[in-house]
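Data first, discussion second: the structure below is written as structure tokens.
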Amino acid sequence: MTGARPNPAAIWRLPLQGLWWLTPLLLLVTGCATPSAGEPGTGADIGRPVVQTASRMADVATTPLHDLNLVRDEIPEVLLTARAQPYAAPANPACEALALELATLDAALGPDLDAPVADAASASLISQGAAAAGDAAVQMVRASTESLIPLRDWVRRFSGAQQHSRDRADAMAAGSFRRAFLRGYAQALACPRGD
């Protein structure tokens, strides 16, 4: 029994045929929803996941541009300095200067592991559900945008995007080491911790 063999070109088109409309639709839906974000647990926090999802969708939508190295996330100067000398003694060892440098590193890196966070239990169930749905939507759009460029790994390697990503990750690691070093330095000087 001989059957018709599927056309290989048609097989490659199938995954994208069903998803091409999904990316602009999700961007439109999440981009138009801009309610104000309030305090967790007050009911005014319902819009916060939507706003966060919209900004993450914009980042994900530019993935092909990042892959082609047409759009680059600049490395903050504080991280480049930390990368050059992560364990250098601070120029000004006063507690106020250390707190300022730590705040600059926190702004570039995000909160430290032991920074106080809002209690997840205080967020409403609607807010938690919206955040979970937003995460799923972002993952789905990320998967579809990453599949737009064939041979993505090679394109990233030849465009220089892979090296830039590696440089950014190295700078962030050095910034984390610098922050830990400065926290220890401040603790040795008995500086108050300013979380």
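The values are calculated or read from the model by the stated rules, or taken from the named source; none is laboratory data. Nothing here was measured: the structure is a model prediction, and the numbers come from that model. In this analysis, Cβ positions are derived from the backbone assuming ideal geometry, glycine residues included, and neighbour counts consider all displayed protein chains.
Number of residues in the range 80-97 that are among the aliphatic types (A, V, I, L, M), surrounded by 13 or more Cβ atoms within 10 Å (Cβ to Cβ) and under 11 Å from PHE181 (Cα atoms) equals 1. Restricting attention to the range 155-195, the residues being farther than 25 Å from LEU80 by Cβ and within 23 Å of the chain's Cα centre (by Cα) number 2. The test for being modelled with pLDDT under 90 and at negative phi does not hold for SER176.
Scoring CYS191 on the criteria (1) part of a helix (DSSP H, G or I); (2) out of contact with any Pro (no Cβ under 9 Å at 6 or more places or on another chain); (3) closer than 17 Å to ALA94 by Cα leaves a single failure, condition (1).
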